[in-house]
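Report on the following structure.
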Amino acid sequence: MNSRYDVIVVGSGPAGACAAWRLAKAGVSVAVLEKAALPRYKTCGGGLVGRAMQALPVEVRQVIEQDCYTARLNILPAGLSFTTHRQMPIVSMTMRSQFDFAILSAAQEAGAAVHQRCAVENVSFHGDFVTLATSAESMRAKFIVAADGAISTVARKMGLADGRILIPALEYEVTMPHDRLDRFHGTARFDVGLIPHGYAWVFPKKTHLSIGVLSMAQRERDLKGAMARYLDLLGCGALAQVERHGFVIPSRPRRGPFAERRILLVGDAAGFADPVTGEGISFAIRSGLLAAQALIDGQLDEELVRNTYNGSVTESILPELQRGGCLARLLYTFPRMRWWAFSQHGQILSEAVTDVMAGKKQYRDLTFKPRTLLRLLSPRWLRNSAYRPARPHDDQV
Ligand SMILES: Cc1cc2nc3c(=O)[nH]c(=O)nc-3n(C[C@H](O)[C@H](O)[C@H](O)COP(=O)(O)OP(=O)(O)OC[C@H]3O[C@@H](n4cnc5c(N)ncnc54)[C@H](O)[C@@H]3O)c2cc1C
C-alpha cells in the first residue's frame, strides 16, 4: 500500500479537475488519478457554452481559441435557417487538451496531487476507507469522486445501477487552407436533418475546424456516412486533412443514487449531459463542484456527505435534465413535428435554446407546461410572443 489521501478523484476532465480544485482550495488532502499522459486529447467539440463559462471557478481565457457571438441553425431538408446573436459569446471554442489541463493545473497549484498514467482498475471497501487498485500502485482514501467519464470503471466495479443512454458521436479535426477556414469564423453552426434523430455541427478553432455529428438513437448505423456527406456539403471533402475520433455521450442520467457508500459520481460517469444538445461540460463542472462542496460541508462524514450530494443533485441538476429530456424527445423522436415546429416558430425555438446555452434561462423556464406548449403550437402566440428572448443588454450582466 502506498499513497493515502482524504479524497481521490478518478479522472482529470472538467468534472474531476473542478472537484479537485475546490477540495484543494479548502485544504482537503486530495489526489487526481488520470490514466492518460497529460495534456491529453479528448474527443469533444470543445464548445464551451455561456453557462459552462459562468460555472467555471478558474480563469481559462488563455485557452479560448475563438469566441462565437453568433449561432446558426440550419434545418437542411426544409431549407430553413435561423441565426441568433448575443453580446456575450454563445460558444467559446477551445481544445479539450488545453482546457482540461488549465483547470487541473489550477487544482495542482492549489495543492492537489496529480498522478498521470495511473489507470484505476479495481475498487474495494474497508470500513471507513476505500482502496483503489491502479496500473501504478495501490492507493487509499476516505472518499472517491468518480469523474472517469462515460465508461466509468469505478461505477462498473462497484456494480452500480446504470439506466443511462449512451449515444454515439463523431468528432473530426479538420485542417484546411486559411482562406477556406475564414468563412466559418465567428459562428457556431448546427445542422439538423442529415440523420433522422440527431444533428451535426461546425466549431471553428484557431487553425482548424472541429466538425461533429451525434445521433440520439443508440443504434444509428450510418454516422460515418452522414459525416462524409456533411464534409461534402461544407465543401471540406477533398481539400481537408482529417483526424477522426468517436465516442459516446450520456443522454439520460443514471437511475441514482449518485453517492453510494463512499463514492460520488460526477459528470459523464453520472450521466449528466444535456439531453437536447449533448453538451456535457456545464453539468460536469457543476456536479464536480457540488460533490466537492458536499465533502467539505459534510466534513468527510459518510452519511452526511452522501445525503448532501444526493440532495444537491436532485435539487439543482436532475430537474433541468428532466425538462431537457422532454424537449429532446419532442425534437428527436418526431422528426415531422420538428419540421413543423421549426417552420412555424424556428426563430423563437432557436432564441430559447440559445438563452439556455448562454445561461440566461433554464429549460424549466421555457415551453414544457402543457399551457405554454399549446401556446408554442398556436400561430396566434407567434404574433403576441409570450416567450421573450433575453434582451441583448441582459448579456452584459
Ligand atoms: C464527439 C463529442 C463531442 C462533444 N462536444 C461537446 C462540446 O462541444 N461541448 C460540451 O460541453 N460537451 C461536449 N461533449 C460532451 C463532453 O465531452 C463530456 O460531457 C465531458 O467531457 C464530460 O466531462 P467529465 O469530466 O465527466 O469526463 P471526461 O471529460 O470524459 O473525463 C474523464 C477522464 O477520466 C479519465 N479516465 C477514464 N477512465 C479512467 C480510469 N480507469 N482511471 C483513471 N482515469 C480514467 C479519462 O482519461 C478522462 O481524462 C462531446 C462529447 C463527444 C463524444
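The values are calculated or read from the model by the stated rules, or taken from the named source; none is laboratory data. Computed from a prediction, not measured in an experiment: that's the story for all the values here. Don't worry about glycine lacking a Cβ; one is built from the backbone with ideal geometry, like all the others, and counts go over all protein chains shown.
Numerical summary
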quantity	calculated
Sole residue being out of contact with any strand residue (DSSP E or B) (no Cβ under 6 Å at 6 or more places or on another chain), among the hydroxyl-bearing types (Ser, Thr, Tyr), on the phi < 0 side of the Ramachandran plot and surrounded by fewer than 15 Cβ atoms within 10 Å (Cβ to Cβ), chosen from THR277, THR308, THR314	THR314
The one condition in (1) more than 10 Å from the ligand (Cβ to nearest atom); (2) surrounded by fewer than 21 Cβ atoms within 10 Å (Cβ to Cβ); (3) part of a helix (DSSP H, G or I) that LYS157 fails to fulfil	(1)
Residue list for the range 316-355, filter: among the aliphatic types (A, V, I, L, M), within 18 Å of the chain's Cα centre (by Cα) and more than 25 Å from GLN293 (Cα to Cα)	LEU327, ALA328, VAL353
Test set (1) more than 23 Å from HIS85 (Cα to Cα); (2) surrounded by 14 or more Cβ atoms within 10 Å (Cβ to Cβ); (3) within 14 Å of the ligand (Cβ to nearest atom) - LEU194 fails condition number	(3)
Lone unmet requirement of (1) under 19 Å from GLY16 (Cβ atoms); (2) hydrophobic (A, V, I, L, M, F, W, C); (3) under 27 Å from the mean Cα position of the chain (by Cα) for VAL130	(3)
The lone exception for GLY271 - which of (1) under 22 Å from CYS18 (Cα atoms); (2) surrounded by 22 or more Cβ atoms within 10 Å (Cβ to Cβ); (3) touching a helix residue (DSSP H, G or I) at 6+ places or on another chain (Cβ under 6 Å) it fails	(3)
Residue check, VAL9 of a type in the set (Val, Ile, Thr), in the same structural domain as ALA119 (by TED's automatic domain parsing) and within 10 Å of the ligand (Cβ to nearest atom)	yes
Flag for VAL266 being over 27 Å from ALA26 (Cβ atoms), within 13 Å of the ligand (Cβ to nearest atom) and in contact with a helix residue (DSSP H, G or I) (Cβ under 8 Å, 6 or more places away or on another chain)	no
Qualifying residue in the range 71-81 (condition: among the polar types (S, T, N, Q) and without any contact (Cβ under 8 Å) to a residue 60 or more places away in the chain)	yes
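Residues are listed down the side, and each one gets a yes or a no for (1) aliphatic (A, V, I, L, M); (2) more than 30 Å from ARG156 (Cβ to Cβ); (3) at pLDDT 95 or above; (4) more than 16 Å from the ligand (Cβ to nearest atom):
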| position | (1), (2), (3), (4) |
| --- | --- |
| GLU171 | no, no, yes, no |
| VAL174 | yes, yes, yes, no |
| HIS178 | no, yes, no, yes |
| HIS185 | no, yes, yes, yes |
| ALA200 | yes, yes, yes, no |
| GLN241 | no, yes, no, yes |
| VAL248 | yes, no, yes, no |
| ARG254 | no, no, yes, no |
